[in-house]
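Asker: Dropping a structure here in structure tokens format, bear with me for questions.
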Amino acid sequence: MDHLPSTEAAVTALRELAAEYARVVEVSHEIGADRTSRRTAAGVGVTTDPDGTLPHEAYLEFGGLPRVSVRLYPDDDALITVEGVECPDIDRDDVPAFVRSLFDDRAFVKARRFPSARTLIVPLPGDRTHREHLTQLHLTPWLSSRVR
């Protein structure tokens, strides 16, 4: 797993991943403390952080199934949305591996009958997984086809 030192490095890695899987990807960038979503406390006209850097946030939306979008935050983490299911606080270095698991069909939904529960499980490098609990409303056809 490569270290991604910046938002732009993560965007480049995800664009390469999209090309590898023949997926269309749309990218939008927000640069400056007054433009990024987590910098709402920035004063009017203030574009830099207190240390003088420009925070950079990016939003990527992949075409095809599963429907995947990624919001990369300047704080070294990301929010990945898979078929409407939000997976928050993904480390920026894990984002390409997370998306690759989705595109390689390694992600699955674990179902339990009683009490009824469903969990999206996405394998990550190093024998780690990311788990996100689902409600009945979240079960899209793609998620339903991954139930174990």
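Asker: Run lengths n ≥ 4 of DSSP H only: what is the helix-derived mean residue ellipticity at 222 nm for the chain, with -39500 (n - 2.57) per run over all residues, to the nearest 500?
Answerer: -5000 deg cm²/dmol
Asker: Taking the Cα centre of segment 67-114 as origin, work out the dipole magnitude from +1 charges on Lys and Arg Cβ and -1 charges on Asp and Glu Cβ, in debye rounded to 20.
Answerer: 460 debye
Laboratory data are not the source of any read-out in this text; all were calculated from the coordinates shown. Note that this is a predicted model, so its numbers are computed, not measured. Reconstructed Cβ throughout: ideal geometry from the backbone, glycine too, with neighbour counts over all protein chains shown.
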